[in-house]
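*Asks:* Attaching a single structure in structure tokens format; questions to follow.
A short reminder: the numbers here are calculations on the coordinates, not readings from a lab. This structure is a prediction, so every number in the text was calculated from the model and none was measured. Don't worry about glycine lacking a Cβ; one is built from the backbone with ideal geometry, like all the others, and counts go over all protein chains shown.
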Amino acid sequence: MKSTTDYSKYFVPTYTKNGAPMVRGRGMYLYDSNGKKYLDFGAGIAVTALGHSHPEIVAVLKKQGSALLHASNLYHLRPQIDFARLLVKHSFGDRVFLCNSGTEANEAAIKFARKWACKKDKAKYHILSFTDGFHGRTYGGLSATAQRKFHDGFKPILSGFHYAPFNNIEKTEHILNKHAFAAVIVEPVQGESGINRAATEFLRFLRRYTTKNHIALVFDEVQCGVGRTGTLWHYEQVKVIPDIMTTAKPIGGGLPLGAVVCKNKIATVMNPGDHGSTFGGNPLACALGTVVLKTIAKKSFLNQVQKNGAYLKEKLQKITAGNPSVTEVLGIGLMIGVRFKDDPTPIISACKENGLLVIKAGYNTVRFIPPLVVTKSDIDKAVGIFKKVLIKSM
């Protein structure tokens, strides 16, 4: 039975799907109901950082799953405490708020920042974000997403949100000087828009300006964090420490889990009832999150991500050199994009037909975001398939 039949019959059509249902995952591979095997270089959109059915993940699923799945945030939960302690230990943060996704984390960050800023000046509620950024699909995250295509059909978006050109210090400062801002939110590496890196000097400017003007600096590391770019958090590479950081995607080991990491000055303005989440910080997801963080935070693990990321980028640069349809290979760590002159959807479809899963991003970019446990052998196989597809497409 083909998945498209059931999908079109029962679901709101918010996704474009094709092929047989995926039924099993093991390591770097997914398997569909027809028994076809796919090398997964999409990782569930940067989620399955340790690959599919990782032994430690499976063991914790069984142990915590048979102990406690839910008891509400009205009570202390040991897996939450263990996970939060680890998040604080391995970041700049003092405290965390747990939720279920990246967009929920960004919603919370916006609320936290506004309350913090309004304590000093009630007019300080404006939020600045940047062109081509992506911060989620709920109304706060959507309003912070400076891309018209996501707004179409859903206006009016929330008031108080403003957009500046990404990596443009002069125009950003001009907009910042026009309003009383509570927060500036930025992706250090934009994922959905095609792997665009924020310049270090741009981030340093934002840090200087926000510090001077009592504005919260928020880093959205939902996609670029948790080892994806070769350090546990990307802010470590640019040596710019935000006041708030949002994380999600891989942090729950495949289950819904998001977090807001913040400094005490932000956290302490919040009171019971100011914000919450029924399912946020689910005990099972937190137990998996502890496994994920402990594993990825190891220096040896992150060194391997850096080496394999450089290897993947170099291989892609070699096979695309001289290809008139490719404009650039860009990215860092295991967050790599191949940018085309035209829509790469046919390329992505052909890759799937040949057993390789990759994902489309903005500016005609094909994303290579494999599980962080990828090996050079896996990379060779993926690049070999991609090369074959490119040759056939020319």
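*Asks:* With the dipole of the chain worked out from charges on the C-beta (+1 for Lys and Arg, -1 for Asp and Glu) around the Cα centre, which of Gly102, Gln237, Leu158 lies farthest toward the positive end?
*Replies:* Among Gly102, Gln237, Leu158, the one farthest towards the positive end of the dipole of the chain is Gln237.
*Asks:* Find the relative contact order for the chain and round it to a whole percent, using C-alpha pairs within less than 8 Å whose residues are 6+ positions apart.
*Replies:* This gives 22 percent for the chain.
*Asks:* For Ser33 and Ile45, calculate 0.36 nm times their separation in residues minus their Cα-Cα distance, and state this gained length in nm to one decimal. Could the numbers behind the result be given before it?
*Replies:* On the way: separation 12, 0.36 × 12 = 4.32 nm, distance 2.08 nm.
Residue separation times 0.36 nm, minus the Cα-Cα distance, leaves 2.2 nm.
*Asks:* Sticking with this one: Out of the range 83-157, which trypsin sites (Lys or Arg not before Pro) are coil in DSSP terms and have no more than 10 other C-beta atoms within 10 Å?
*Replies:* The qualifying sites are Lys122.
*Asks:* Which angle from 0 to 90°, rounded to the nearest 10, does the C-alpha axis of helix 200-212 make with the longest principal axis of the chain?
*Replies:* It is inclined by approximately 20 degrees.
*Asks:* Compute the length gained on full extension between Val12 and Glu236: take 0.36 nm times their separation in residues and subtract their Cα-Cα distance, giving the result in nm to one decimal.
*Replies:* Stretched out fully, the Val12 to Glu236 stretch lengthens by 76.6 nm.
*Asks:* Stretch Arg95-Thr268 to full length: gain in nm at 0.36 nm per residue minus the Cα-Cα span?
*Replies:* 61.4 nm
*Asks:* Could you point to the residue in Ser193, Thr16, Phe368 farthest towards the positive end of the chain's charge dipole, with +1 and -1 charges on the Cβ of Lys/Arg and Asp/Glu respectively?
*Replies:* Selected residue: Phe368.
*Asks:* Put +1 on the Cβ of every Lys and Arg and -1 on every Asp and Glu Cβ in the chain; which of Val383, Leu50, Gly337 then has its Cα farthest towards the positive end of the dipole?
*Replies:* Leu50
*Asks:* Here's something else I'd like to know. Going 7 Å from the Cα of Gln306 in the Cα-to-Cβ direction, what parts of the range 189-232 have a backbone nitrogen less than 16 Å from that spot?
*Replies:* In the range 189-232, the label zone of Gln306 (backbone N under 16 Å from the point 7 Å along Cα→Cβ) covers 226-232.
*Asks:* Which entries of Lys89/Lys381; Lys178/Lys360; Lys155/Lys178 show an alpha-carbon separation above 32 angstrom in the structure shown?
*Replies:* Lys89/Lys381; Lys178/Lys360
*Asks:* So, one more: Restricting attention to the range 109-183, which chymotrypsin sites (Phe, Trp or Tyr not before Pro) occupy a DSSP loop and are surrounded by at most 14 other Cβ atoms within 10 Å?
*Replies:* Answer by residue number: Phe154.
*Asks:* If you place +1 on the Cβ of every Lys and Arg, -1 on the Cβ of every Asp and Glu, and leave all else neutral, what size is the dipole of the chain about its Cα centre, to the nearest 20 Debye?
*Replies:* Values: 53 positive and 28 negative charges, 79 e Å.
My answer is approximately 380 debye.
*Asks:* How much of the DSSP bridge set in the chain is antiparallel, in percent, rounded to the nearest 5?
*Replies:* About 65 percent, rounded to the nearest 5.
*Asks:* Now a separate question. Can you compute the helix-only [θ] at 222 nm over the chain? Use -39500 (n - 2.57) per DSSP H run of at least 4 residues, normalise by all residues, nearest 500 deg cm²/dmol.
*Replies:* So the calculated ellipticity at 222 nm is -12000 deg cm²/dmol.
*Asks:* Within the range 29-72, find all residues whose amide N lies under 14 Å from a label point positioned 7 Å from the Cα of Arg137 along Cα-to-beta-carbon.
*Replies:* Of the residues in the range 29-72, 45 have backbone N under 14 Å from the label point off Arg137.
*Asks:* Which residues among the range 4-36 fall inside the zone where the amide N is under 17 Å from a point 7 Å beyond the Cα of Ala59, along Cα→Cβ?
*Replies:* Correct set: 27.
*Asks:* HN-Hα J couplings of the range 137-151 from phi, Karplus 6.51/-1.76/1.60, θ = phi - 60°, integer Hz, Gly and Pro as x?
*Replies:* 10, 6, 5, x, x, 5, 5, 7, 8, 8, 9, 4, 4, 7, 8
*Asks:* How big is the gap, in Å, between the Cα center of the range 212-264 and the Cα center of the range 289-353?
*Replies:* Taking the Cα centre of the range 289-353 as reference, the centre of the range 212-264 is 21 Å away.
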